[in-house]
Amino acid sequence: MASTVTATQSPDTAVSKQRRRSQLYQGWKRFKRHRLAVIGLVWVVIFVLAGIIGPWVAPYDYRTGDFLAINQGPTWKHIFGTDNVGHDMFSQILYSIRSALIIAIGATLVSFIIGIILGLWAGLRGGLADVIIMRAVDFMMTLPGFLFALILVIMLGRGYLSLILAIGIPGWAGYARLIRSLVLSMRDGEMVEAARALGASQAHIARRYMLPNVVGSMGVALAFGIPGDLIQIAGLSIFGMGLRPPIPSFGSMIAQASENILGFPWLLYFPAGIFAITLLSFLFVADGLQEAFSPKGGN
Amino acid sequence: MAIVKFISKRIIQIIITLILVISVSYIMMYYSPGGFMHTSTMATALAPLQGQNPVLYQEVMAQFQSRYGLDLPLWQQIAKYIWHELTFDFGNSMQNPSLQIAGQLKQTLPISVMLAFGAVLLSVIVGVPLGIIAALKRNTWVDYVVSTISLAGQAIPAFVLAVIMVLLFGVVFQGILPVTGWGNWKQAILPIICLSAANVGVVARYMRGSLIETLRSDYIRTAKAKGVKYWPMIMKHGVKNSLTAMITVIGPQFAFTVMGTIWVEQIFAIPALGQVMQMAFTSFDYPLAITSVFLLGSMIMIMNLMVDIIYAFIDPRVKL
């Protein structure tokens with residue numbers, strides 16, 4: 001109690017800074033205890049790096065095929081083999097990582113921003129706005145977002161921005177519900193009430209008590225959101241409604257390889273394997289974050 | 001009587017949701033580039049006429065529009081369309097005008113329903129025992145293995161599992177199980193396994209958490225003190241109570257499973273709703289697309305309703 005009062009009087013003292021850092025540090029320490037989560041984090045970092053530097057390290061262009069070497073297994077020249085028009089699979093995968101990450105992160109942000117706006121609106125305003133927004137959330141949650149994504153792709157087209165919007169727009173409901181519940185628990189929570197009773201200012205309460213609690217839950221929600229969107233992108237490509245053909249993507253590689261799986265199974269090993277490991281890693285990281293940062297996470 | 005009231009209330013809710021779904025998809029497709037008229041076979045067939053005889057072209061198009069009611073104001077079109085959809089009068093496909101949508105769906109929908117039901121059933125049959133084992137062997141390697149496997153099942157989408165299965169049974173263990181097509185029961189095994197993986201994870205994790213919670217409760221201690229034997233105690237007092245709550249977990253899973261079926265059908269080349277949908281969406285066949293979305297949505301909601309009814313029957317504490 002005493003330290004809270006001190007912090008209230010001078011919020012930017014060394015004490016409060018150290019406290020905040022230690023909160024994050026303790027979360028990291030809890031996260032590190034989960035071996036799978038750490039392994040997942042390493043893979044996610046590698047994956048993101050590959051997406052960023054992909055075009056510079058890819059040995060071949062994604063558009064040009066080597067017609068003298070089609071449908072090859074892994075060789076020194078093409079370490080992941082080549083597909084039916086001689087595309088180097090290693091380069092294809094590097095470019096796929098890039099496109100998948102751009103769309104997944106973009107779409108997650110779009111859902112998140114819409115969710116924040118509507119969730120805050122519902123939580124802070126209450127009344128009719130709350131009722132209408134929560135009805136809309138129920139409506140969106142009953143049906144899979146992929147259905148709406150399909151319809152939006154028809155309307156918007158198949159470019160990067162259209163896919164980001166098509167996957168992002170239907171995904172807002174979960175975030176809106178989370179943020180609304182956070183707002184309500186914050187507004188009426190005992191912790192905030194106690195701080196207010198001690199005479200803390202509104203800004204101080206928001207920064208010192210609300211933000212740390214909210215950041216944890218939101219980080220977990222985002223960590224679960226990105227792999228979900230990765231699945232949707234690949235699902236759209238399998239449906240033939242993903243990025244237009246010259247741009248490689250995991251979904252189209254998997255769909256193509258599964259067509260002549262009996263002849264050239266190695267075309268499947270690397271795309272499907274890397275995609276599966278990536279999704280698994282994201283989920284392990286999200287799971288680890290949940291147990292490290294959410295108050296009820298541990299079991 | 002309460003149950004009749006509950007069911008009718010839910011059915012009204014379902015109908016309202018479906019009306020919303022149809023309206024939203026109709027409006028979005030109405031404003032999509034190309035629009036209803038310009039992507040149809042009729043428009044393509046008439047394209048040469050546009051240059052030769054613009055007046056005749058206009059006349060034919062106008063007639064065509066009035067025949068399909070496209071000259072009405074948008075809200076009337078939507079109202080009319082909703083009425084037809086809800087009375088199961090789906091009309092004809094736009095790309096193959098001779099093909100009746102109802103006939104096409106009558107062949108494909110039962111396959112999708114069967115796959116989804118089979119997947120949910122299998123996930124309960126496999127997931128519940130896994131969850132029980134994990135709960136009883138809590139914090140041992142058995143628990144970690146089960147938890148990791150169920151997490152993996154949740155993380156890896158059904159279509160990736162499907163290609164792995166095709167690879168395994170098409171290349172490595174050739175000839176044990178068929179990997180493509182539809183016709184006999186053997187061809188349903190692999191798709192159902194792929195579809196159930198995610199649910200197995202959800203069911204097992206939930207069952208584990210719920211059983212651990214139940215085993216800590218007072219009445220279990222009482223049963224132990226009374227001298228009830230280990231397995232009867234676990235099954236009758238523990239598992240039975242955890243099972244009822246688990247039904248509520250299965251409900252929301254239907255949406256994912258049904259979505260999964262349309263992906264898995266692509267990989268296993270099963271002629272079901274997913275194939276129809278893919279054809280409809282990639283060829284801009286608007287009536288077929290909206291109708292398949294409508295049917296998929298109603299399938300999910302009807303399954304959810306059934307889960308709620310079953311739950312109310314099993315758990316006497318739930319009031320309808």
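The values are calculated or read from the model by the stated rules, or taken from the named source; none is laboratory data. Predicted model only: the values in this text are computed from it and were never measured. FYI the Cβ positions are ideal-geometry reconstructions off the backbone, even for glycines, and counts take in every protein chain you see. Keep in mind that these areas ignore ligands, DNA and RNA; they rest on the heavy atoms of the full protein, side chains included. Shrake-Rupley method; radii C 1.70, N 1.55, O 1.52, S 1.80 Å.
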Q: Could you work out the longest stretch of chain B that avoids the trypsin sites (Lys or Arg not before Pro) located in DSSP loops with at most 10 other Cβ atoms within 10 Å?
A: B:1-215
Q. Which of A:Ala100, A:Ala276, A:Ala50 moves the most in a Gaussian network model of chain A with Cα springs under 10 Å?
A. A:Ala276
Q) Taking the Cβ-Cβ separation of B:Val171 and B:Ile302 as r and a Förster radius of 51 Å, what is the calculated FRET efficiency to the nearest 0.05? A) 0.85
Q: Find me the longest stretch of chain A that has none of the exposed chymotrypsin sites (Phe, Trp or Tyr not before Pro), where exposed means in a DSSP loop (not H, G, I, E or B) with at most 11 other Cβ atoms within 10 Å.
A: A:77-299
Q: When you have a sec, figure out the Kirkwood radius of chain B from all distinct Cα pair distances and drop it here in Å to one decimal?
A: 22.9
Q: Find the all-direction average of the projected area of the Cα convex hull for segment A:80-190, expressing the result in square nanometres with one decimal place.
A: 9.7
Q: For segment B:101-283, give the magnitude of the charge dipole about the Cα centre (Cβ charges: +1 Lys/Arg, -1 Asp/Glu; no others), in debye to the nearest 20.
A: 860
Q: Give the interface area between chains B and A as buried accessible surface, both sides summed, probe 1.4 Å, in Å² to the nearest 100.
A: 3600
Q. Distances over 23 Å make up what percent of all Cα-Cα pairs in segment B:2-86?
A. 41
Q. Which residue, A:Gly216, A:Gly189, A:Gly225, has the most motion in a Gaussian network model of chain A that connects Cα atoms within less than 10 Å?
A. A:Gly189
(Q) How far apart, in nanometres, would the label points at A:Tyr160 and A:Leu109 be if each is projected 7 angstrom from Cα along the Cα-to-Cβ direction? (A) 1.1
Q | Value of D in µm² per second that Stokes-Einstein yields for segment B:149-295, Kirkwood Rh from Cα pairs, at 37 °C (0.692 mPa s) | A | 182
Q: Treat every Asp and Glu Cβ in the protein assembly as shown as -1 and every Lys and Arg Cβ as +1, leave all other atoms uncharged, and give the resulting dipole magnitude about the Cα centre to the nearest 20 debye.
A: 2620
Q. Could you work out Rg/(2.2 N^0.38 Å) for the protein assembly as shown, with Rg from alpha carbons only?
A. 1.07
Q) Over all residues in B:294-305, what is the mean tally of Cβ atoms on other chains that come within 10 Å of each residue's Cβ? A) 1
Q) Per residue of B:145-152, what is the mean number of Cβ atoms on other protein chains within 10 angstrom of that residue's Cβ? A) 2
Q.
Taking the Cα of B:Asn53, stepping 7 Å toward and past its beta carbon, and measuring to each backbone N in segment B:60-97: which are under 13 Å?
A. B:60-61
Q.
Per-residue Cβ counts within 10 Å, from other chains only, averaged over A:151-158: what number is that?
A. 5
Q.
Within 10 Å, at most 14 other Cβ atoms, and a DSSP state outside H, G, I, E, B define an exposed site. Report the longest part of chain A free of exposed trypsin sites (Lys or Arg not before Pro).
A. A:78-295
Q | Accessible solvent surface per residue of segment B:82-174, calculated while the other protein chains remain in place, 1.4 angstrom probe, Å² | A | 49
Q: Go through B:Ser147, A:Ser185 and list them by solvent-accessible area, largest first, probe radius 1.4 Å.
A: A:Ser185, B:Ser147
Q: Let me have the 222 nm mean residue ellipticity of chain B computed from DSSP H runs of 4+ only, each contributing -39500 (n - 2.57), with the sum over all residues rounded to the nearest 500.
A: -25500 deg cm²/dmol
Q: Would you list the membrane-span-like helices of chain B, meaning whole DSSP H runs whose alpha-carbon atoms span at least 24 Å along their axis and whose mean Kyte-Doolittle value is at least -0.5?
A: B:2-30, B:101-136, B:186-215, B:240-268, B:286-314
Q: Provide the convex hull volume over Cα atoms per residue for segment B:257-320, in Å³.
A: 87
**Q.** Cα-based convex hull, segment B:1-142, per residue volume (Å³, whole number)
**A.** 217
Q) Considering chain A as a Gaussian network with a 10 Å cut-off on Cα pairs, which listed residue, A:Thr64, A:Thr278, A:Thr82, attains the greatest mean-square fluctuation? A) A:Thr64
Q | Charge dipole (debye, nearest 20) of segment B:1-133; +1 at Cβ of Lys and Arg, -1 at Cβ of Asp and Glu | A | 480
